[in-house]
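K.L.:
Please see the structure below; I have some questions.
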Amino acid sequence: MIVSSLLDTDLYKFSMMQVVLHHYPAAQVEYKFKCRNPGVDLVPYIDEIKAELRQLCSLRFTVEELDYLRGWRFIKSDFVDFLGLFQLNAKYIDIHPAQDGAGEIEIRIRGPWLHTILFEVPLLAIVNEVYFRNTQPGLDLEEGRRRLREKIALLRDSDGFENCRVADYGTRRRFSRSWHEEVVTTLRDGLGSQFAGTSNVWLAWKLGLTPLGTLAHEYLQAHQALGPRLRDSQVAALETWAREYRGDLGIALSDVYGLSAFLRDFDMYFCKLFDGTRHDSGDPFAWGERVLAHYRANRVDPRTKVLVFSDGLDIPKVMALYKHFHGRCQLAFGVGTNLTNDVGPEPLQIVIKMIRCNGQPVAKISDSPGKNMCEDNAYVTYLRQVFEIPAEQDPVMA
């Protein structure tokens, strides 16, 4: 059994799910799976993925797990009570071979947002582990351990980086659950205070670490169908988040419509209200410079704010960013695939993205067009016009 606890997911799934329970309990959504690696054949593993999915849907939160969640200051008691009744249901997922691509599989998740939001992360972890245990049976992980030791030594032993801290953000694309646990344990023991924690709630609970995360793209995308007029959807999403958490979990995600559109909405009020912003697409150095300039323009001292970097990082890139921005702001780094799936074979680049909410298309148009996914060209054109997004940022249609 690949996933044996409903805590084996990223923190932002729970933080978003609480907002859904309190503000949008009737919202209906649709998600779609995409593998970005060319030539990867996942069709032979559909039955195995479905078997793991059935086991995932048999899980319930234990009393001990609920007590752990109840101990977080930003989690409300009614949400924990709801989780005590919660169970994933496979009826909301359809998995079959894609008609338009040899070796590609079609995964669609359709149903109430409240009852489907927890599928994404464990399902991606299942696809990863099923694929690698079939294509790399008995792989010697010593190469992965060697690479991990080198990364730890590079960060730990380099002068001037004593206060540079990294976190694990690699649940979705991990090589396997057991390797993920070994990686996080090794980081904790090898880096000490330089290891900030993990996005994985189960590992944070088990290993005594800090769980990390706030919100994901789906939250802002859904507001394209949930908010007032479309142009105000980003503002509505941020305001709803602030009402729910009253100062907690104050990191805003900046790339659902590209940075320019984000900064137009992230005015002085939000600059002062939120603790910082997270980078997840485009050039991170250029992004950081623009965000710091935006804070200064809004009479906010950037040294009081956090820049979170989380896009395709490895340790050398973390160190380059730290060196560039250190002393000018507070910094946080989330490293994913390069930590949890750097064992030799090429990692899978797989995602599950929300594409509809309440029957309407939703989309992300970020500063890295290849990361986007939408099925409605007309809607993307309209969205681009509304948020004044240049045509070259159009997403790749899926």
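K.L.:
Hey, among ASP157, ASP168, which residue is at pLDDT 95 or above, touching a helix residue (DSSP H, G or I) at 6+ places or on another chain (Cβ under 6 Å) and charged (D, E, K, R)?
P.N.:
ASP168
K.L.:
Ok, one more. Restricting attention to segment 316-326, does a residue exist that is assigned to a strand (DSSP E or B) and at pLDDT 95 or above?
P.N.:
The initial filter retains those residues of segment 316-326 that are assigned to a strand (DSSP E or B), namely 326.
Now drop any that are not at pLDDT 95 or above, which leaves 326.
Yes: segment 316-326 contains one or more residues that are assigned to a strand (DSSP E or B) and at pLDDT 95 or above.
K.L.:
Now, a different point. Does GLY170 qualify as being crowded, with 22+ Cβ neighbours inside 10 Å and part of a loop (DSSP other than H, G, I, E, B)?
P.N.:
For GLY170, the condition - crowded, with 22+ Cβ neighbours inside 10 Å and part of a loop (DSSP other than H, G, I, E, B) - is met.
K.L.:
Limited to segment 219-257, what total is found for residues that are part of a helix (DSSP H, G or I) and either touching a Cys at 6+ places or on another chain (Cβ under 9 Å) or over 26 Å from GLY288 (Cβ atoms) (or both)?
P.N.:
13
K.L.:
Next question. Could you give every pair whose Cβ atoms fall below 6 Å, whose first residue belongs to segment 232-247 and is touching a residue at least 60 places away in the same chain (Cβ under 8 Å), and whose second residue is surrounded by fewer than 16 Cβ atoms within 10 Å (Cβ to Cβ), counting only separations of at least 6 or pairs across chains?
P.N.:
THR240/HIS23; TYR245/PHE74
K.L.:
Output the number of residues of segment 255-299 satisfying the condition of being within 20 Å of ARG328 (Cβ to Cβ), surrounded by fewer than 16 Cβ atoms within 10 Å (Cβ to Cβ) and not basic (Lys, Arg).
P.N.:
8
K.L.:
Give segment 45-68 a look and list any residue that's closer than 28 Å to VAL130 by Cβ, in a helix (DSSP H, G or I) and aliphatic (A, V, I, L, M), or say none.
P.N.:
ILE46, ILE49, ALA51, LEU53, LEU56
K.L.:
Does PHE309 meet the test of being on the phi < 0 side of the Ramachandran plot and either touching a Phe, Trp or Tyr at 6+ places or on another chain (Cβ under 6 Å) or in the same structural domain as GLU388 (by TED's automatic domain parsing) (or both)? Give the derivation first.
P.N.:
Details: on the phi < 0 side of the Ramachandran plot: yes; either touching a Phe, Trp or Tyr at 6+ places or on another chain (Cβ under 6 Å) or in the same structural domain as GLU388 (by TED's automatic domain parsing) (or both): yes.
Yes, satisfied.
Yes/no matrix, rows are residues, columns are (1) touching a residue at least 24 places away in the same chain (Cβ under 8 Å); (2) over 22 Å from SER176 (Cα atoms); (3) surrounded by 15 or more Cβ atoms within 10 Å (Cβ to Cβ); (4) in contact with a Cys (Cβ under 7 Å, 6 or more places away or on another chain):
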site	(1), (2), (3), (4)
ARG36	yes, no, no, no
ILE75	yes, yes, yes, no
GLN99	no, yes, no, no
VAL121	yes, no, yes, no
TYR131	yes, no, yes, no
PRO137	no, no, no, no
GLU143	yes, no, no, no
GLU150	no, no, no, no
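K.L.:
Name the single residue, out of those in segment 17-44 being part of a helix (DSSP H, G or I) and over 21 Å from LEU88 (Cα atoms), that is nearest to the chain's Cα centre (by Cα).
P.N.:
Among those that are part of a helix (DSSP H, G or I) and over 21 Å from LEU88 (Cα atoms), it is VAL43.
K.L.:
A follow-up question, please. Taking segment 248-273, which residues are over 25 Å from ARG384 (Cβ atoms) and within 21 Å of the chain's Cα centre (by Cα)?
P.N.:
Result: ASP248, LEU249, GLY250, ILE251.
The values are calculated or read from the model by the stated rules, or taken from the named source; none is laboratory data. It should be emphasised that the depicted structure is a prediction, and the values quoted were computed from it without experimental measurement. Cβ: placed from backbone, ideal geometry, glycine included. Neighbour counts: every protein chain shown.
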